[in-house]
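First the structure, in the form of structure tokens, and then the observations on it.
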Amino acid sequence: MATILGVWISQGLSARRERSHRTWERRSAAYEDILVSMARLRGERKEATSTGELRLARLANPDSEDGARLSAQANLYGGPELRRAQEAAFAALTKWVMALMAWRSYHDTYSSLPDSPPQRGRDALWDAVLDAGANADKADLALTAQVRKEALGERPKRFLRGNGG
């Protein structure tokens, strides 16, 4: 009887460990996906700020399939602070896209687009683009910091001991 009980307990603990490991694998993949996506957006924002061209990926729209996937990952695997940081990053991104579109629309309507974006202080609409971009960068970095905090702070203990599992 003791042998059967021992096997049953061992199998239960093993199944729990496997389930925990699978959850951590999905969670870490989601964190990695969020970090890669935010780094890509920062790069695209930097390029758009230097050229004035809006060539953002589908991620630029939080309602897109990629944006929805990132939101789902944050909601499923992130704590409340990560979800707030993700919402703030998407809100800041939306404000930046709207500012850039307003700048382009104004110049498409009332004048031609300049060959290169103007210097700060020469065009109020462009200054709004730069300010919104700086705010979006701050929000992205806050999201990145929160992902790192959760990823590094909530690893299963077996990973922290350095024995690899």
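The values are calculated or read from the model by the stated rules, or taken from the named source; none is laboratory data. Quick caveat: nothing in here was measured; it's all calculated off a predicted structure. All Cβ positions, glycine included, derive from the backbone under ideal geometry; neighbour counts span all protein chains shown.
So the values come out like this:
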read-out	value
Any hit, segment 15-38, residues being under 14 Å from the mean Cα position of the chain (by Cα), assigned to a helix (DSSP H, G or I), under 22 Å from residue 128 (Cα atoms) and modelled with pLDDT of 75 or more	yes
Test: residue in segment 50-70 that is part of a helix (DSSP H, G or I), crowded, with 17+ Cβ neighbours inside 10 Å and at pLDDT 75 or above	yes
Any hit, segment 110-123, residues being on the phi < 0 side of the Ramachandran plot, part of a helix (DSSP H, G or I) and modelled with pLDDT under 80	yes
